[in-house]
Each structure stands twice: as structure tokens, then as C-alpha cells.
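Reviewing the structure listed below.
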Amino acid sequence: MLFDIVHISGITLYFVFVILFWWMSRVPRTNPGAGWWACALLGAALARLLLFALDGAAAPRAATLSYATFIALEKTLLVLGVIRFLKLGIGDRRVLWPAGLLAAWTGVAWLSAIPLWAYGIGLAAFNTAALAFIAACCLIRRREAPGRLIHVTALASGALALHWTTFPLVFFFPGWGIAGFAIGTSLALVQYLSLLANVLLQFQHRLLDAEERALELAYLDPLTGLNNQNYLNKLFEQALLLATRPHHFVAVFYIDLDNFKPINDGAGHRTGDEVLKEVARRLKESTRSTDINARIGGDEFIVVATQLERESQIDRIARKLLDRLTAEIRIDGTAYSLGASIGVSLYPAHGSTLPALIEAADKAMYRVKYNGKNGYALHGRSTPRDAARAAETGSEAVR
């Protein structure tokens with residue numbers, strides 16, 4: 001009665017795990033180990049089912065050899081799945097050769113009268129070696145699996161390897177059969193449960209990585225790697241929080257490259273793309289980690305400088321940006337020269353929202369364009385070129 005309970009429980013649980021691993025294997029891009037373990041568990045379930053159907057007491061030889069055939073198949077598939085799960089790069093032949101030797105040994109046992117205990121030693125040696133191999137691989141390549149659940153797999157596999165060394169005792173102490181099967185089933189379930197948890201954890205990490213990449217694509221300019229308008233809209237409020245500290249403010253630099261179109265049209269779009277990448281790199285080098293760099297158009301960029309304390313810092317930052325952006329750029333051995341028209345607006349002096357600040361900085365930038373390009377201007381503040389142009393206009397009016 002107890003024999004029946006142990007095997008029926010084991011068979012039922014194995015089939016449940018078969019379904020779970022099979023279902024996991026159907027999820028696109030899931031680690032291939034799941035499919036192999038579904039097949040392995042199917043072999044284990046069939047081994048138990050045959051042992052139960054043939055009734056080990058009534059037909060011990062047929063029951064033992066039938067059980068051994070499928071349990072050896074289960075261990076072979078289990079090892080192949082671990083190799084794929086941990087990306088070990090071990091050829092299948094190294095696993096199939098020992099499995100083939102055991103199959104030949106099983107054939108000898110079917111066709112000859114060798115004692116079952118002698119056959120059991122060979123089966124125990126094969127299963128012990130397979131499980132010890134899994135335990136060692138899980139420990140050595142534990143970094144290939146997310147989290148620490150792979151340690152549970154290693155411990156369960158090691159315990160099962162030790163447990164299989166006691167298998168020949170079944171032929172000398174029949175009472176050990178029920179206890180041995182109960183212990184083996186428990187350890188096998190822990191082993192497969194840990195493998196299932198590893199697959200699920202890996203799947204979770206894959207989803208999180210995919211979500212992170214999707215967010216990056218949503219907030220990054222694919223060409224330059226700078227932030228885009230979406231990121232700017234999202235993060236600007238946080239920049240304002242930094243600016244609410246006493247005596248701190250935020251500056252928005254609207255940068256429009258001068259002379260970029262002739263380069264892009266004359267040298268080709270590939271060269272134009274390389275120029276924009278170099279501009280992005282220089283912007284990152286010229287700003288602090290607390291600042292925000294974004295590309296909002298073809299050759300238009302925005303820099304949000306945070307935690308500023310004095311208005312004089314605006315001139316220093318603008319001059320630094322101009323010096324870096326107007327320096328010669330070499331692409332494939334050819335030198336290209338750019339200019340930059342930069343308009344600047346301040347929070348809260350020129351607006352309390354990002355659109356208002358960008359509009360103010362845009363107006364200041366166009367004033368630079370109007371006055372000859374390649375310079376910077378703060379919204380609402382006249383520049384020497386403004387004064388010179390005003391004086392020239394006044395002189396013409398007097399004439």
C-alpha cells in the first residue's frame with residue numbers, strides 16, 4: 001500500500017512538472033533547457049509508471065530493467081538541458097557516449113542472466129556520475145544563472161548523486177526500496193523545482209532588461225545617444241526641484257549648429273551623422289553629471305544646467321560650449337568647421353515651464369543668428385552686437 005502511494009504521488013508530481021516545463025519552453029526565446037527538462041521528467045514519470053504497472057514484486061527483472069531504461073534516459077536529457085541552460089558548450093557526444101554504454105549494459109541484462117544487483121551497480125554509477133556532473137557545473141558556472149537558486153540545484157543534485165550510490169542496497173534489503181524511492185522522489189522534486197525557479201527567474205530578468213531597453217529607446221536619441229525630447233520633458237521637473245534650493249537656478253541652453261547643412265549635403269548623410277555624434281560627445285564632456293543633454297531636432301540641441309548659483313556662470317558655460325563646438329572636427333581624415341548659435345533662458349526669471357523656457361531660449365538663439373551667428377545670448381539681455389547694430393541703425397536714421 002505504501003509502495004503504491006509513493007509511486008502514484010511521484011508519477012502525479014512528475015507529470016505536473018512536465019506540463020510546467022513544457023509550457024515554459026513554448027514561451028518565445030526562453031532558455032532551451034526548459035524543453036529538455038520537460039522531456040527528462042516525462043522519462044522519469046514513465047519509469048515510475050512502468051515500475052508501478054509491472055509490480056516490482058511480481059516481475060522484478062522486467063520492472064527493474066524497464067525502470068532503469070527510462071530513468072537513464074531522464075538523466076541523459078537532464079544533463080543535456082543543464083548544458084544548454086548554463087551555456088557550457090559541451091558537445092552532445094560526451095553525454096551520449098556514456099548513455100550508449102549504459103544502454104548496451106541494459107541490453108546485456110535483458111538478454112543474459114546477470115544478477116540484478118550487478119546491473120544495479122552500473123546504473124547507480126551512471127546516474128551518480130550524471131548528477132555529480134550537474135552539481136559541479138551548477139557551482140562552477142553559477143554566474144550564468146540569475147540569483148542564487150542555482151545553488152539549490154547544485155545541492156539537490158549532489159544529494160541525489162550520494163543517494164544513488166545506495167541503489168544496489170534495494171536488491172539486498174527490500175525494505176530500503178520504499179524509503180529510498182521516497183527520499184529520491186523528494187530530492188528530485190527539489191532539483192526540478194529549483195530548475196523551474198531558475199528558468200522563471202531568468203525569464204523575469206529578461207522581461208526587466210527588455211523593459212529597461214524599451215525605456216532607453218523611448219528616452220534616448222538613437223543616433224547620438226543623448227536624451228531626447230521625451231526624456232527632457234520627464235526629467236525637467238526633477239531639475240526644477242534641484243533649482244528650488246536657496247540661491248539656486250536652472251539655465252536652458254538652446255543650441256543650433258551653424259554650417260551643418262552644407263556639410264550634410266556636400267559630404268553626405270553618413271558624414272553628417274558622424275559630425276552629430278562628435279557634437280554629442282563634446283557636449284557630454286563640457287557639462288556636469290547633474291546637467292541634462294538632449295537632441296531635439298536635426299542639428300538642434302538643448303543643455304539644461306542645474307544647481308547654478310550666479311549668473312556669471314552662464315557666460316562661462318556658454319563660452320565653454322562655443323569653444324568645444326567650434327573646434328575643428330575630423331571625419332575620415334577631412335576637417336570640418338561648425339559654428340553654434342546659443343540662446344539661454346533662466347528659471348524662474350524667464351518662465352516656470354519647460355515650453356516657456358525653450359521658447360525664450362529659442363528667441364535668444366535667433367537673435368544670435370540675426371546678429372551674425374556663432375555666439376550666445378541670454379534672453380532679455382543685449383549683446384555687444386545688439387548695441388553695435390542699434391548704433392548703426394541710429395546713424396542711418398540721422399543721415
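Buried (at least 19 other Cβ atoms within 10 Å of the Cβ), modelled with pLDDT of 85 or more and closer than 13 Å to ALA188 by Cβ, is that true of ALA45? Outline the logic, then answer.
Numbers: buried (at least 19 other Cβ atoms within 10 Å of the Cβ): yes; modelled with pLDDT of 85 or more: yes; closer than 13 Å to ALA188 by Cβ: yes.
Considered against the rule, which asks whether it is buried (at least 19 other Cβ atoms within 10 Å of the Cβ), modelled with pLDDT of 85 or more and closer than 13 Å to ALA188 by Cβ, ALA45 comes out as yes.
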Of the residues VAL108, VAL95, which single one is among the β-branched types (Val, Ile, Thr) and either open to solvent by less than 60 Å² (accessible area, probe 1.4 Å) or touching a residue at least 24 places away in the same chain (Cβ under 8 Å) (or both)? VAL95
From LEU201, LEU208, LEU162, which residue is within 27 Å of the chain's Cα centre (by Cα), open to solvent by 60 Å² or more (accessible area, probe 1.4 Å) and either on the phi > 0 side of the Ramachandran plot or of a type outside the set (Ser, Thr, Tyr) (or both)? LEU208
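Is it fair to say GLN229 is of a type in the set (S, T, N, Q), under 30 Å from LEU139 (Cβ atoms) and under 28 Å from the mean Cα position of the chain (by Cα)?
Numbers: of a type in the set (S, T, N, Q): yes; under 30 Å from LEU139 (Cβ atoms): no; under 28 Å from the mean Cα position of the chain (by Cα): yes.
The answer is no for GLN229.
When only residues in region 251-282 that are of a type in the set (Phe, Trp, Tyr) and open to solvent by 10 Å² or more (accessible area, probe 1.4 Å) count, which is nearest to THR224 (Cα to Cα)?
Taking region 251-282 as the starting set, the residues that turn out to be of a type in the set (Phe, Trp, Tyr) are 253-254, 260.
From the residues that got through so far, the ones that are open to solvent by 10 Å² or more (accessible area, probe 1.4 Å) too are 254, 260.
Details: TYR254: 17, PHE260: 15 Å.
If we take residues in region 251-282 being of a type in the set (Phe, Trp, Tyr) and open to solvent by 10 Å² or more (accessible area, probe 1.4 Å), then PHE260 is nearest to THR224 (Cα to Cα).
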Tell me, yes or no, whether region 335-357 has at least one residue that is open to solvent by less than 40 Å² (accessible area, probe 1.4 Å), at pLDDT below 90 and either of a type in the set (Gly, Ala, Ser) or under 29 Å from PRO262 (Cα atoms) (or both). yes
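The values are calculated or read from the model by the stated rules, or taken from the named source; none is laboratory data. Quantities reported herein were computed from a predicted structural model and do not represent experimental measurements. Heads up, the Cβs are rebuilt from the backbone with ideal geometry, glycines too, and the neighbour counts pull from every protein chain shown. Note: areas computed on protein heavy atoms with side chains; ligands, DNA, RNA excluded. Shrake-Rupley method; radii C 1.70, N 1.55, O 1.52, S 1.80 Å.
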